[in-house]
Amino acid sequence: MDTTLKNKAEAILGEPILDEPVRPESWECCGSECGDACIQTMYWAEKARYDAQQRKLKEAGWTDGEDEAKPSENDWA
């Protein structure tokens, strides 16, 4: 998302836009059941926050312009 769009989205939400978290590779987990410190647990918590924020943006009618750039089926006729 470019800076201008990000600033507009942040203005709509009243909070900073979260970056989509990167899912850790399976080898990154030590398997020691670290609880809240586990890389997998942290990822899923961050992913839940990110998804919730994206839903709030969508409910507010936000579009980042990507949909507008895609041609519809009628454009090919």
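Inside the stretch 23-49, can you point out the residues that are open to solvent by 90 Å² or more (accessible area, probe 1.4 Å) and free of Cβ contacts under 8 Å to residues at least 12 places away in the same chain? Residues satisfying the conditions are E25, S26, W27, C30, E33, D36, W44. Whether a residue is within 27 Å of A9 (Cα to Cα), open to solvent by 50 Å² or more (accessible area, probe 1.4 Å) and either modelled with pLDDT of 90 or more or of a type in the set (K, R) (or both) was assessed, and A69 does not pass this test. Tell me yes or no: at least one residue of the stretch 20-36 is in contact with a Ser or Thr (Cβ under 8 Å, 6 or more places away or on another chain) and assigned to a helix (DSSP H, G or I). Yes, the stretch 20-36 contains a residue that is in contact with a Ser or Thr (Cβ under 8 Å, 6 or more places away or on another chain) and assigned to a helix (DSSP H, G or I).
The values are calculated or read from the model by the stated rules, or taken from the named source; none is laboratory data. This structure is a prediction, so every number in the text was calculated from the model and none was measured. Heads up, the Cβs are rebuilt from the backbone with ideal geometry, glycines too, and the neighbour counts pull from every protein chain shown. For accessibility, only protein heavy atoms count, side chains too; no ligands or nucleic acids. Shrake-Rupley method; radii C 1.70, N 1.55, O 1.52, S 1.80 Å.
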